[in-house]
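Asker: Have a look at this one.
The values are calculated or read from the model by the stated rules, or taken from the named source; none is laboratory data. Owing to the predicted nature of the structure, the values given are computational and were not obtained by experimental measurement. FYI the Cβ positions are ideal-geometry reconstructions off the backbone, even for glycines, and counts take in every protein chain you see.
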Amino acid sequence: MTPCFIAEVLSPSTERYDRGVKFDHYRRIETLREYLLLDPDRPGAELFRLDGNGHWVLYTFGPGEAVELTSPDLKLPVTEIYEDVEPG
């Protein structure tokens, strides 16, 4: 497995695990460069990106902004990510 990008849709029952233990495991994947978290109840995105010094940096995006990924060269407007999502 050699992913450079992983996205997770959070849920109340797994959010702590996804942010903690699972992200800790993902950080051990040598090829991983970006980890995107999406909360279906709050339109927005949290992107952790590995910088040139080996540090994971958090970038947050809200409605009216676009998530800019570098590992797959892609720009995703937050409103489009949540286009068909009904708030819980």
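Asker: Can you tell me which residue is modelled with the lowest pLDDT among those in region 1-20 that are among the β-branched types (Val, Ile, Thr) and farther than 20 Å from residue 81 by Cα?
Answerer: The extreme case among them is 2.
Asker: Can you tell me which residues in region 1-39 are in contact with a Pro (Cβ under 8 Å, 6 or more places away or on another chain), surrounded by 14 or more Cβ atoms within 10 Å (Cβ to Cβ) and in a loop (DSSP other than H, G, I, E, B)?
Answerer: 4, 10, 29, 32
Asker: Mind checking whether some residue in region 47-65 is surrounded by fewer than 14 Cβ atoms within 10 Å (Cβ to Cβ), touching a strand residue (DSSP E or B) at 6+ places or on another chain (Cβ under 6 Å) and among the charged types (D, E, K, R)?
Answerer: Yes, some residue in region 47-65 is surrounded by fewer than 14 Cβ atoms within 10 Å (Cβ to Cβ), touching a strand residue (DSSP E or B) at 6+ places or on another chain (Cβ under 6 Å) and among the charged types (D, E, K, R).
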